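J.: Here it is, the structure in full.
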Amino acid sequence: LLSASNFGATDEGTAELIAQAATPVIENAKAGYRLVILNDPKLVGKTELYRLHLNPGGVLDSRPHEKGAREQLTVLSGAVELHCGAQTMSIGAGDTARYAADVNHRISAAKGKAADVLLFVKFDK
């Protein structure tokens, strides 16, 4: 059975448990979001996985990533508005959007409520 005490057991072919307390977090109270980094640090810049919590009115504003970068977001709860380049779309719980991330893009909580999102980033390397 895996537990937090197994943290770091990374032999080829074995499982690894990362305790919530050991998971890196980027929190921006002013912008109203909390970004939990779920991917293996060795994958940064290749593929990245985040859990994003947006407070009511919260916004994650992103400048363009490298050419060819793509993102996929799935709304777990609440609703968000996605602004990607000149396009805007509303995304509800259970819905997924895929979009270019090599342009300005912004994810914001919709309808004055909090939202939880899984966010996957794929870099074209």
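J.: Report VAL44's accessible area, 1.4 Å probe, all protein chains in place, as a number in Å² to the nearest 10.
T.: That residue has around 90 Å² of solvent-accessible surface.
J.: Carbon and sulfur together cover what percent of the accessible area of the chain at a 1.4 Å probe radius?
T.: Carbon and sulfur together cover 52 percent of it.
J.: How much accessible area per residue does the chain have, in Å², with a 1.4 Å probe?
T.: Details: 7760 Å² over 125 residues.
Counting only protein heavy atoms, the per-residue value for the chain is 62 Å².
J.: Going Cα to Cα from LYS30, which aspartates and glutamates come in below 16 Å? Please leave out same-chain ones fewer than 8 positions away.
T.: Those aspartates and glutamates meeting the cut-off are ASP61.
The values are calculated or read from the model by the stated rules, or taken from the named source; none is laboratory data. Here the structure is a predicted model, which means the values were calculated and not measured. Ligands, DNA and RNA are excluded from the accessible area calculation, which covers all protein heavy atoms including side chains. Shrake-Rupley method; radii C 1.70, N 1.55, O 1.52, S 1.80 Å.
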